[in-house]
Each structure stands twice: as C-alpha cells, then as structure tokens.
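The values are calculated or read from the model by the stated rules, or taken from the named source; none is laboratory data. Only a predicted model underlies this, so the values are computations on that prediction, with no experimental measurement involved. Here Cβ is always computed from backbone atoms with ideal geometry, including for glycine, and neighbour counts include all displayed protein chains.
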Amino acid sequence: MDNKTPFTFPRRSFLAAAGAFGAATVALPGMAISADKKVLTVRSYSDLQILDPAFWVSIPEGDIIRSIFAPLVVVEPGDEWTWKGVAVESIEQLDDLTVSFKLRDNIGFTDGYGQMTADDVKFSLERIADPAMESPFAGDWAALKEVEVKDKLSGIIHLKNKFVPLWTTTLPTSSSCILSRKAVTELGDKIATKPVAQSGQYLLADWQPKQKTILKRNPDWAYEKGGFEEIHIIPIEDPATAERGYEAGDLDYTWTSVSSIPRLKKNPPPNSVILEKPSLAYVWLGINQDVAPFDNINVRRAIQHAVDRKTVVDATYYGAASVANGIIAPGMPGNRSSVTYDYDPDKARDLLKKEGISSLNVTLDILNQSERLTAAQVIQANLAEVGINVEIKQNDSGTFWTLGSKDGDYWNKLQLVLSRFSMQPDPSWATVWFTPEQVGVWNWERFNNAEYKALHDQGLVESDTAKRDEIYKKMQGIMDESGCYVFLTHEVVGAIHNTDIQPGLKPNGESLLPEFKPA
C-alpha cells in the first residue's frame, strides 16, 4: 500500500504554509529547551480527561495516546499526508477488503503484561467497532468485519465493504493504537487518566491536574527513540496566555492565536520561528433544534440570517482567516464556495415576526478563550439588532466538552454553542459527527436527517473524487436547510517555537510528540 494520501492542499494555502518555515526567524540568544536538551516543554490547549483510544475527547489527548500506546501507523511529519509504521514491521492492503500486517517483534507492555501480539490488535480494533462499547469513534472501524490472527505477530484485517478513508482517518490515528487484551479485560472499564500496559515510544510518568503532564522515554522501546528524554505538557486554554508564557521562557513550543500570526511574523521574539499552517478544522455557531425557542425552524433560520459571518471572522482574527462555507476545508472533495443563506437582518426580523416574536433571551456557550469571546460578542451584537438578547456563558475545557452530552444534565438547556472541531484529511471525518448516531455525543445540535446519513455512508465507499465532491456538498446543503448551523471559518494554524528544536507536525499543524527533536 502506497503511504501517500491522495489529498493535497490548494496551491495557495500549501505555499503559504511552506513559506512560513524560517521566514520569520531571528537567531539571537534567548529562550531554549533545558540546558542539556533533554526536556521539551510544550503547551496543550486542554488538560487530560481520558486516555482511552476509544473515548478520547480532545486532540491533545490523542497526541498523548499515540505516544504511550503504540499505533499500527502514524502520520509522518512534514507538508504531505504520508504515513509510516510504528507497531508494524509491515502492513499492506491486499484488496478492497483485506489488509495484512505483521507486528514488530519485541514490543512489550508495561506493568508485566508481556509482548504485544496480533491478538491484542484484534482486541483493540474490534473493541472500538463493537456497538456495545458505544465508542464515539466506532465510525473509524464501521467497515470492520473482523481481525484474523494468523500467528503471534501476524494477522489480516477483514472489512465488510470498501472503506475509502481507511488510510487517512482510521489507521494513522488513535483508532489504531494497540492495547493489551489482558490488561483492559482486567480493568473492566475505560482507561481514564492512569493508563495501564503502555507500549509506546513514551510513557506517562506523571499527571498533575491542570498543571502538567510528564512523558518519559520508554526505556524498553527498541526502535526509533523519541527526540527528548522527557516531554512536559502544560495545559493553557487561552492561546494569548500561552504566547505570553512562551515569551517569558516557560515554553519551547505552542500554538498561537490566529489573530496573533500577523504580529508575530512581523516582530518575532528572539531566537524564535513563527509557523503558519493551513487548517482542516472548522468553527461554527451551532443551534440546538430540540430546545425552545430553537425547536422552531423559523427561529433557527432567523439566527442564520442575523449573523454577519464576515464581520465575525474579521473581528476575531484580524484578517488572518477567511470565512468558511461549510465543514470541509479547501482542497478537499465537498469544499463549497457559498452557503444557502445570506446575511439579511430584515429577513431575520420578518421570520421572527411571522412567529409572533418581538424579543428573545437566549444563551450562547463558548470555550473560555479570547478569540471565542470576541466572536461571541460580535454574534451577540448581531442578534441584538434583530431583538435577540444573548447571554454569553464561558466554560473551561473540562466543562465545555461535556455540554451537549446525553450523559449529562445540560444538553436540554444548551441553546447556542460556538464550537471548533479538528479534522483528519478526508471529508467523511467532518460529516460523521453530525450523523444520527452522534446525537448527544458530538452532534449537539441534535440534527437528525436520514438522507444525510445515507449520503455519509455512500461517501465512505465512493472512490470517484467528482462523485464524492457532489455527495459532501449535498450533505452540507442539508445542514444549511436544517437551520442548525452558521458556518464561520476554517481558521489557520499558527505556532511558535525556539530555534533549538525541530517540531514534529502534521501538515495541518497538529503535533506528533515523538517526532519533536533537538535542532
């Protein structure tokens, strides 16, 4: 199987990203990694909640999971979507329905759980796919029929049907991390913040809630060593705060706020490199259709017409990001040039008047970050112009990412929510979160449409790019018509690091912690 993913960024975005490397570098004495270059300190935008490959919540958790539980393959660092083996010695797609693999010999689990085997692969993949587990990532292995164990280290992954995103959004992600069958069976539950039977290039050595996570090299890892003996991960929710921490010398690497990119590129701190990467992520205003007054489609559509999307994006990002027209980024099948609603406050007022509404009081939940607050305040002002009074409710990450959960007690109070989802390089990884199965999991708008679901399933098996483009554009049109979504931006990814390190990053700027190295 070729390890190149059939996806490229549009030339303009790709060149902008490539040109950012080193373009804003000032080599002067200043901040550095630990004096002996053994400890790397990086910022995470959220703290740990769960370290289970079947149940992780945020991208930073995924970064750690792939570091401490060896995945079959991972994305290679660089500007192209390629992959390389980690737990496997070899892996090959034999046909549309079968993938053969052989594990590397001598990968062990900690805590006395022995060697990683093909049976552990079977257990790990089938565990995520098992409907009884109710994993939010079950869709990654929706096509899995079974994993056949051939011998101690070898097996065959059998699929029920062709699955186009297998090599883009399933295998090179946390969904291919291998757990010890024995350890997880003995645990009898999800892996929370105290992992058992670790097997990766790093081990979780310490977690101090809301302060620090420490990873240490796995002394028993017999293959490519991580670049640093220790990685210290500091949870800082607000990127502006992280930027100040970097400039104070407390961090070696951090994502920046999008709005800070122009300033930092113009005047980079000493001994620093400013990066700008094209983003696959998407930011949108979600509207919960099951909670009054938004159980009325005309009220939802009034919101769509009342929000000036361009003003929201320009005010929030100072011109560094563009307006998005859906959940699928430029360069991918399904990226759209427009939405089906327009900014028209008069139309919004007419829709409300039609329903006998002259004024409303609603809530808007956001993550406690400066850019989210700015966007929310512009939305608040937009809606005030049509008679809708908005109370902005700021939440820390631990609270925010549970707001719409069916297991909590807030989903039936949630009205408006400003969200950002990260992405993998296939459009299906954008659309999957809004399927009926995800209602009360990640589908907080509680949007439930059978045609949308059928199209999503069709996109998973359709390999013709033009046909996939039609499928995903139609799906986003259905989202428009539901009135549940106001699409805002894909952002861009900004990062800053000192010149003593070489960061390991995916093409969209997400971290690959074991790939960070001293310069």
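Here are the numbers:
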{"quantity": "Only one of Leu40, Leu94 that is closer than 19 Å to Lys216 by Cβ and not in a loop (DSSP other than H, G, I, E, B)", "calculated": "Leu40"}
{"quantity": "Lone unmet requirement of (1) buried (at least 21 other Cβ atoms within 10 Å of the Cβ); (2) in a loop (DSSP other than H, G, I, E, B); (3) modelled with pLDDT under 95; (4) not hydrophobic (A, V, I, L, M, F, W, C) for Pro53", "calculated": "(3)"}
{"quantity": "Helices (runs of 4 or more DSSP H) contained in region 231-326 and holding at least 3 residues touching a residue at least 40 places away in the same chain (Cβ under 8 Å) and among the polar types (S, T, N, Q)", "calculated": "none"}
{"quantity": "All positions within region 134-161 that are closer than 30 Å to Asn443 by Cα and either assigned to a loop (DSSP other than H, G, I, E, B) or touching a Pro at 6+ places or on another chain (Cβ under 8 Å) (or both)", "calculated": "Glu134, Ser135, Pro136, Phe137, Ala138, Ala142, Ala143, Lys160, Asn161"}
{"quantity": "Residue in region 405-421 that is under 25 Å from Ala129 (Cβ atoms), surrounded by fewer than 18 Cβ atoms within 10 Å (Cβ to Cβ) and within 18 Å of the chain's Cα centre (by Cα) present", "calculated": "yes"}
{"quantity": "So Asp105, is it among the acidic types (Asp, Glu) and in contact with a helix residue (DSSP H, G or I) (Cβ under 9 Å, 6 or more places away or on another chain)", "calculated": "no"}
{"quantity": "Residues (in contact (Cβ under 8 Å) with a residue 40 or more places away in the chain, surrounded by fewer than 18 Cβ atoms within 10 Å (Cβ to Cβ) and not in a helix (DSSP H, G or I)) located in region 109-133", "calculated": "Asp111, Gly114"}
{"quantity": "Residue in region 334-343 that is in contact with a helix residue (DSSP H, G or I) (Cβ under 6 Å, 6 or more places away or on another chain) and surrounded by fewer than 16 Cβ atoms within 10 Å (Cβ to Cβ) present", "calculated": "yes"}
{"quantity": "Candidate set from region 174-200 (those that are surrounded by fewer than 22 Cβ atoms within 10 Å (Cβ to Cβ) and polar (S, T, N, Q)); member that is modelled with the lowest pLDDT", "calculated": "Thr193"}
{"quantity": "Filter result (β-branched (Val, Ile, Thr) and over 10 Å from His490 (Cβ atoms)) within region 320-366", "calculated": "Val339, Thr340, Ile357, Val362, Thr363, Ile366"}
{"quantity": "From Met475, Met479, residue being buried (at least 16 other Cβ atoms within 10 Å of the Cβ), under 26 Å from Leu171 (Cβ atoms) and hydrophobic (A, V, I, L, M, F, W, C)", "calculated": "Met475"}
